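One structure is given below, encoded as structure tokens.
The values are calculated or read from the model by the stated rules, or taken from the named source; none is laboratory data. Model, not experiment: these values are computed from the prediction. When we count neighbours, we look across all protein chains shown, and the Cβ atoms used for this are built from the backbone with ideal geometry, even at glycine. Protein only, heavy atoms only, side chains kept; ligands, DNA and RNA dropped before computing areas. Shrake-Rupley method; radii C 1.70, N 1.55, O 1.52, S 1.80 Å.
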Amino acid sequence: MNLLYINACVRPQSRTDVLADYLISRIKPDKITKLNLATLDLTPLSNADLERREYLISEQIYDDEMFALARTFAAADMIVISAPFWDLSFPSVLKVFIEHVNVNKIVFQYSSAGKIEPLCRAKKLYYVTTKGGYMPDDYGFKYIEALCRNLYGIEDITLIKAEGLDVKGNDVESLLNEAKQKIDALTTL
Ligand SMILES: Cc1cc2nc3c(=O)[nH]c(=O)nc-3n(C[C@H](O)[C@H](O)[C@H](O)COP(=O)(O)O)c2cc1C
């Protein structure tokens, strides 16, 4: 099983990354492709990028380097995203990554009736996050969930989270350990 690990944790000492690493150690995939988004130097799609993308798609040049991330995403058997809770969602580098991934004819396609048909291999996605406080709404996770259901054809989506990590007096280690216990329960060996 080929697992794609999309690491959107910006800080090198990320607690979210600690949980995602633990999850992956429990899943024990045959192969891991790790994308460390903060070091990929991704830029938001420009108009020139969009024009080039349209040209490549119209010429059916899907093996172009521009589509490398989209091909990697579509080919994964399972996906783990780790992203800390930032400003009610996630670090912008993850949105930029999604712009690069969501390529018509690689990740999804439109039927003749205009309906979206997923082209991704993965059937399972884990979204791992940690929060400084306890805000109830997680727009970041909900957005990823909507992408999974509407574009990627991934219905089995699991949220793993630890909250309150920056609240004064909270024991961060024990909050992370609680999250690890939840991971243990979700990934019974
Ligand atoms: C730019 C930024 C924005 C943040 N926004 C929120 C927020 O809206 N709500 C919240 O509870 N915590 C917020 N936090 C705190 C983080 O969610 C928290 O520290 C998290 O555990 C960081 O994960 P990490 O250790 O993997 O970097 C923010 C932190 C940063 C750096």
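For segment 145-165, a tally of residues being within 16 Å of the ligand (Cβ to nearest atom) and either open to solvent by less than 50 Å² (accessible area, probe 1.4 Å) or touching a Lys or Arg at 6+ places or on another chain (Cβ under 8 Å) (or both) returns 6. Within segment 23-33, the residues that satisfy the criterion of being in contact with a helix residue (DSSP H, G or I) (Cβ under 9 Å, 6 or more places away or on another chain) and surrounded by fewer than 18 Cβ atoms within 10 Å (Cβ to Cβ) are ARG26, ILE32, THR33.
For segment 1-12, taking the residues that are away from the ligand (no atom under 11 Å from the Cβ) and open to solvent by less than 30 Å² (accessible area, probe 1.4 Å), the one that is farthest from the chain's Cα centre (by Cα) is identified as LEU3. Test ARG15 against the criterion of being within 16 Å of the ligand (Cβ to nearest atom), of a type outside the set (Ser, Thr, Tyr) and more than 14 Å from the chain's Cα centre (by Cα), and give yes or no. Taking the combined requirement at face value, the residue satisfies it. Out of the residues in segment 89-110 that are open to solvent by 30 Å² or more (accessible area, probe 1.4 Å) and more than 16 Å from the chain's Cα centre (by Cα), which is farthest from ILE183 (Cα to Cα)? Per the criteria, the residue is TYR110. Scanning segment 54-88 for residues that are open to solvent by 40 Å² or more (accessible area, probe 1.4 Å), among the aliphatic types (A, V, I, L, M) and more than 16 Å from the ligand (Cβ to nearest atom) yields ILE61, MET66, ALA75.
Applying the condition of being assigned to a loop (DSSP other than H, G, I, E, B) and of a type in the set (D, E, K, R) to segment 133-150 and asking which residue is modelled with the highest pLDDT yields ASP138.
Conditions (1) within 29 Å of ALA74 (Cα to Cα); (2) in contact with a helix residue (DSSP H, G or I) (Cβ under 8 Å, 6 or more places away or on another chain), marked per residue:
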{"site": "CYS120", "(1), (2)": "yes, yes"}
{"site": "GLU145", "(1), (2)": "yes, no"}
{"site": "ARG149", "(1), (2)": "yes, no"}
{"site": "ILE154", "(1), (2)": "yes, yes"}
{"site": "GLY164", "(1), (2)": "no, yes"}
{"site": "GLU173", "(1), (2)": "no, no"}
{"site": "ASN177", "(1), (2)": "no, no"}
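If the condition is being among the aliphatic types (A, V, I, L, M), in a loop (DSSP other than H, G, I, E, B) and under 14 Å from the mean Cα position of the chain (by Cα), then segment 111-132 contributes only ALA122.
Every test in (1) within 13 Å of the ligand (Cβ to nearest atom); (2) in contact (Cβ under 8 Å) with a residue 40 or more places away in the chain; (3) under 18 Å from TYR143 (Cβ atoms) is passed by VAL96 save one, and that test is (1). Of everything listed in (1) more than 22 Å from GLN13 (Cβ to Cβ); (2) modelled with pLDDT of 95 or more; (3) open to solvent by 30 Å² or more (accessible area, probe 1.4 Å), the single unmet condition for LEU189 is (2).
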